[in-house]
Amino acid sequence: MTKYLIFTWLLLCGTSVVQAQKYRLSDSEVSFYSDAPLEDIEAYNAEAKSIFDAETGEIAFVVPIKKFEFKKALMQEHFNENYLESDQYPNAKFEGKLKNFNSDKTVQEVVASGKLSIHGVTRQIEVPGTVRQHPSGFEMKATFPVKVADYDIKIPKMVFYNIAEEVEVRVNFQYQPYDP
Amino acid sequence: MIHKTIFFLTLILLCSLVVSAQSLLEELEQEPDTLSITEQATFKGTRLINGHSVETDGEGVLSFLISHRFGRLNEGAYEFFGLDDSNIRLGLEYGLTDRLNVGIGRSSFEKVIDAFIKYQLIRQQSGGKVVPLSLTVFSSMAINTLRSQLPERELNFRYRVDYTYQLLLARKFSSRLSLQLMPTWLHRNLVAKADMENDLYVLGMGGRYKLSKRVALNLEYYYRLNAEAEEDFYYNPIAIGFDIETGGHVFQLQLTNARAMIEEGFLSETSGDFFSGDIHFGFNISRVFQLK
């Protein structure tokens, strides 16, 4: 019986060794930019949460929609109330893998492939980005387009602020190792 | 037996650890929520119906308000149910900061000029730091500029001025329902009759219920606490209205027994009895301009 216990505890230790390969955000910025005929729209969010597993290349992040900051208060209100319906769908989420990630390289181009959920709609996406490794962790950058209609975000024709059909999302994540 | 139990307990613990290690996203989502989220859009506009809501215009926002109250519905078809007669207020408001607003207005009702200052003191928050209510403080001054009926007895300026102080307490209970309480102190430098109080205390209450993304139903009622002496000719203001939001505009349509569109007027000079049909149809339209 004791043998089983020792075996179990060893397994437990094993799991924590695997977890030690994980990285969390120390600093992050998610922004989006929309180039519209009437005026450009920009918003910033520094409250994303993310875990990156350097062993497997797996990555996940959660971005709280209400923490997107706009220059204009009214735009922010419309964004939350009418378009993203953030009371109902509070977070944007991504879960996937860096396909060709190699932990030996300092700078590399990767493709993040996985599921992006916005406004209750989940879609499979592929996003090219850059990973830079430095002694204290990783830096990841990506820029990719998001089609508003793909995520069932309806923008009525009547609105005052014209919004482009596609917005450009920029992600800049700084990762540091952590012990769970 | 005990060994077995310990073994299975350990196994369960292990399993749960393995499960939590399966998905990074699940690991993130299981974390306690430490982020504080400030509630937005407790109400659609800076006005509930007649009175102010806890909302303020954002920094650099100039808003132009056009408000109308028509005549009484019970005046019948000859007066086109009150629409022949119109009472107007034009107003300008500006957000000095996201929380501090100032405004001026001019009403055709008694030719009153008003000015106000409004400050959002506390904002409702959820998540890591919970703040259950929003609190906005409001103060306004109204100057009656009607010419005296007797030119030889011109009113001294100070008798033309009234002051209102309000606390606006609101909570957004859900994305649809928001309620507001408005304890109010109104000081009138001159009252119509000797037995009327110069200081009128009023408790207002109101709320909104969103019927759809862009349409909300609003209700508002002010109970005048010490107005016994004027009960026979002045009533508590009641209003029911709809907010229709179209982006940069909010259209507010309402039915109310009040004629005036500023605190001093609708709190102390509402002469219509809502329940005998002294109801005025009216609307507020606001148009915002971002100056900064």
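Quick look at the numbers
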| quantity | calculated |
| --- | --- |
| Matching residues, region B:188-215, being within 20 Å of the chain's Cα centre (by Cα) and assigned to a strand (DSSP E or B) | B:Leu200, B:Tyr201, B:Val202, B:Leu203, B:Gly204, B:Met205, B:Gly206, B:Gly207, B:Arg208, B:Tyr209, B:Lys210, B:Val215 |
| Residue count, region B:114-140 (criterion: surrounded by 16 or more Cβ atoms within 10 Å (Cβ to Cβ), more than 15 Å from the chain's Cα centre (by Cα) and within 21 Å of B:Ser63 (Cα to Cα)) | 1 |
| Residue within region A:119-126 that is touching a helix residue (DSSP H, G or I) at 6+ places or on another chain (Cβ under 8 Å), more than 14 Å from chain B (Cβ to nearest Cβ), assigned to a strand (DSSP E or B) and open to solvent by less than 60 Å² (accessible area, probe 1.4 Å) present | yes |
| Breaking point among (1) more than 13 Å from every other protein chain (Cβ to nearest Cβ); (2) at pLDDT 95 or above, for A:Phe94 | (1) |
| All positions within region B:270-292 that are free of Cβ contacts under 8 Å to residues at least 60 places away in the same chain and either under 27 Å from B:His187 (Cβ atoms) or of a type in the set (A, V, I, L, M) (or both) | B:Thr270, B:Ser271, B:Asp273, B:Phe274 |
| Selection from region B:94-111 of residues that are basic (Lys, Arg) and part of a helix (DSSP H, G or I) | B:Lys111 |
| Neighbours by Cβ (under 8 Å, 6+ apart or cross-chain): first from region A:63-78, under 23 Å from B:Gly45 (Cβ atoms) and part of a helix (DSSP H, G or I); second among the charged types (D, E, K, R) and open to solvent by less than 40 Å² (accessible area, probe 1.4 Å) | A:Ala73/B:Asp57 |
| Region A:71-91 - residue that is facing chain B (nearest Cβ under 7 Å) and among the acidic types (Asp, Glu) and, of those, farthest from B:Lys292 (Cα to Cα) | A:Asp87 |
| Odd one out for A:Phe101, checked against (1) buried (at least 17 other Cβ atoms within 10 Å of the Cβ); (2) assigned to a loop (DSSP other than H, G, I, E, B); (3) within 13 Å of chain B (Cβ to nearest Cβ); (4) out of contact with any Phe, Trp or Tyr (no Cβ under 8 Å at 6 or more places or on another chain) | (3) |
| Boolean, B:Arg99 is farther than 14 Å from B:Gln290 by Cβ and touching a His at 6+ places or on another chain (Cβ under 6 Å) | no |
| Within region B:37-82, tally of residues that are assigned to a strand (DSSP E or B), within 30 Å of A:Val63 (Cβ to Cβ) and open to solvent by 40 Å² or more (accessible area, probe 1.4 Å) | 1 |
| Candidates B:Asp33, B:Asp85 - the one that is within 11 Å of chain A (Cβ to nearest Cβ) and either in contact (Cβ under 8 Å) with a residue 24 or more places away in the chain or open to solvent by 60 Å² or more (accessible area, probe 1.4 Å) (or both) | B:Asp33 |
| Enumeration of residues in region B:216-245 that are open to solvent by 10 Å² or more (accessible area, probe 1.4 Å), at pLDDT 90 or above and either outside any strand (DSSP E or B) or small (Gly, Ala, Ser) (or both) | B:Leu225, B:Asn226, B:Tyr234, B:Tyr235, B:Asn236 |
| Residue within region A:25-33 that is closer than 22 Å to A:Ala142 by Cα, within 11 Å of another protein chain (Cβ to nearest Cβ), at pLDDT 85 or above and buried (at least 18 other Cβ atoms within 10 Å of the Cβ) present | yes |
| Residues (assigned to a loop (DSSP other than H, G, I, E, B) and either among the polar types (S, T, N, Q) or modelled with pLDDT of 70 or more (or both)) located in region A:1-24 | A:Gln21 |
| Exclusive hit being more than 14 Å from every other protein chain (Cβ to nearest Cβ) and buried (at least 20 other Cβ atoms within 10 Å of the Cβ), set B:Gly277, B:Gly206 | B:Gly206 |
| Failed criterion for B:Asn218 (all others in (1) over 20 Å from the mean Cα position of the chain (by Cα); (2) among the polar types (S, T, N, Q); (3) under 29 Å from B:Gln40 (Cα atoms) hold) | (1) |
| Cross-chain or 6+ apart pairs with Cβ under 7 Å, region B:246-268 first and within 14 Å of another protein chain (Cβ to nearest Cβ) and more than 18 Å from B:Tyr163 (Cα to Cα), then open to solvent by less than 10 Å² (accessible area, probe 1.4 Å) and of a type in the set (D, E, K, R) | B:Val250/B:Asp243 |
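Rundown of residues vs (1) within 14 Å of chain B (Cβ to nearest Cβ); (2) touching a strand residue (DSSP E or B) at 6+ places or on another chain (Cβ under 7 Å); (3) surrounded by fewer than 21 Cβ atoms within 10 Å (Cβ to Cβ), yes/no style:
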| site | (1), (2), (3) |
| --- | --- |
| A:Tyr44 | no, yes, yes |
| A:Phe61 | yes, yes, no |
| A:Val131 | no, yes, no |
| A:Ala149 | no, no, yes |
| A:Asp152 | yes, yes, yes |
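The values are calculated or read from the model by the stated rules, or taken from the named source; none is laboratory data. As the structure is a computational prediction, the values presented were derived from the model and not from experiment. As a convention, Cβ positions derive from the backbone with ideal geometry for all residues, glycine included, and neighbour counts pool all protein chains shown. What goes into the accessible areas is simple: the full protein's heavy atoms, side chains included, and nothing from ligands, DNA or RNA. Shrake-Rupley method; radii C 1.70, N 1.55, O 1.52, S 1.80 Å.
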